[in-house]
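**Q** Have a look at this one.
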Amino acid sequence: MDRAEPPEPPASEAPPAAASPPEPRASEPPVTGTPPGAPAATPPKPRTPATVLVAIALLWLLTALAAWVALVSAVATSFEVSVRYAGAWSPLAFVEPALITAVAVLCGLLALKLRSGRDWARRIVAITTAIVLAAAILTGAGTNPGTGIAGTLLLAMLLVMLLLRPTRDWCDCDAPRHSPGIDSAAHPPHQVVASLLILWTATAIAFYIGATALLTLAGDEADMAEAGAAWAAGAAMLLALVQGALNIGFSFHRNWARWATLILAAAYTALLIITAILNLTEDGPGPGLKPALLSLVPLALIVSMAGTESRTWCRRTAPES
């Protein structure tokens, strides 16, 4: 009996044919670029514009000048305080050099913040410089030969440097050539910056006026009228201290500080308006013109601190989980 031939395997089960070796290529270009897995090359940091460097140099110059004036004032006061003001009032004579020292420290701080690209620092310096420059020109102090003209030119150059496009781009996080230090920095709203500028300026002025009035009254013989003026000067200094604490609270997003400042600003506005009305004369506003104009400052402060940006600044944020 013949044996049956084994069936042939189907084509699908046939053993695979040996793969032909790849044909060599004539020439391959070298591989360029970053290999996979290698860290990406970081772009170079933008260079600080020349306008920013000039503005920073001018701010440090103002810092040095204010520090020198504070030192001279402190030395002069230390020799005159025992003669002019005796007793418990003598420490108040150093209020003026202390305020000048605070100005020097503020100028240095603003120079550092401008170097890192803080737009609020640029705006504060620009607004303050414009106000001081206008006041110096209107009063004639900025047109005096020598130091007056030199100070006017210095402030004008600083203002121009702050308003030029490279400086504005350096402090703008959306600009292509901005400071690398502003990406992770907090940016307070413009209304908050304006409110704090007004508040700290008014606080320093009230404290200086109160201290000067107390020192002036301490050198004379006190009577009933001067005693009332002394109480008013002391109240002005106390309110300045309270307002300084509220300013710090508002800087740290405290809503109670904002509300307390709004209440005080409303009281100041009402007091100034009443004073202006009581001093009206038949020929015109007369002595009531000055308090009427001053009432615009707390009114502007109320509008600024009651705005959306100030409310958002003091809004409590939910803690992150």
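**Q** Only one of these is under 27 Å from S195 (Cα atoms), touching a residue at least 40 places away in the same chain (Cβ under 8 Å) and open to solvent by less than 40 Å² (accessible area, probe 1.4 Å): L99, L162. Name it.
**A** L162
**Q** In the stretch 58-76, how many are closer than 17 Å to I124 by Cα and open to solvent by less than 60 Å² (accessible area, probe 1.4 Å)?
**A** Counting residues in the stretch 58-76 that are closer than 17 Å to I124 by Cα and open to solvent by less than 60 Å² (accessible area, probe 1.4 Å) gives 4.
**Q** Quick check on G219: is it modelled with pLDDT under 90, more than 30 Å from E309 (Cβ to Cβ) and open to solvent by less than 40 Å² (accessible area, probe 1.4 Å)?
**A** Judged against the criteria, G219 is not a match.
**Q** Just checking, which of L138, L114 is part of a helix (DSSP H, G or I) and touching a residue at least 60 places away in the same chain (Cβ under 8 Å)?
**A** Only one candidate qualifies: L114.
**Q** When you go through A204, A156 one by one, which is the residue that is small (G, A, S), under 28 Å from L238 (Cα atoms) and under 20 Å from the mean Cα position of the chain (by Cα)?
**A** Working: A156 fails: under 28 Å from L238 (Cα atoms).
Testing whether each residue is small (G, A, S), under 28 Å from L238 (Cα atoms) and under 20 Å from the mean Cα position of the chain (by Cα) leaves just A204.
**Q** On the given criteria, is M157 within 22 Å of V54 (Cα to Cα), open to solvent by 40 Å² or more (accessible area, probe 1.4 Å) and either modelled with pLDDT of 85 or more or among the aromatic types (F, W, Y) (or both)?
**A** Against the criterion (within 22 Å of V54 (Cα to Cα), open to solvent by 40 Å² or more (accessible area, probe 1.4 Å) and either modelled with pLDDT of 85 or more or among the aromatic types (F, W, Y) (or both)), M157 qualifies.
**Q** Could you say whether any residue in the stretch 164-185 is closer than 26 Å to V69 by Cβ and outside any helix (DSSP H, G or I)?
**A** no
**Q** If I ask for residues that are surrounded by 15 or more Cβ atoms within 10 Å (Cβ to Cβ) and over 17 Å from W200 (Cβ atoms), which ones from the stretch 102-121 would you list?
**A** A111, L114, R115, G117, D119
The values are calculated or read from the model by the stated rules, or taken from the named source; none is laboratory data. The shown structure was predicted, so the numbers you read here are calculated from the model rather than taken from an experiment. Virtual Cβ from ideal backbone geometry, glycine too; neighbours counted across all protein chains shown. Surface accessibility is based on the protein's heavy atoms, side chains included, excluding ligands, DNA and RNA. Shrake-Rupley method; radii C 1.70, N 1.55, O 1.52, S 1.80 Å.
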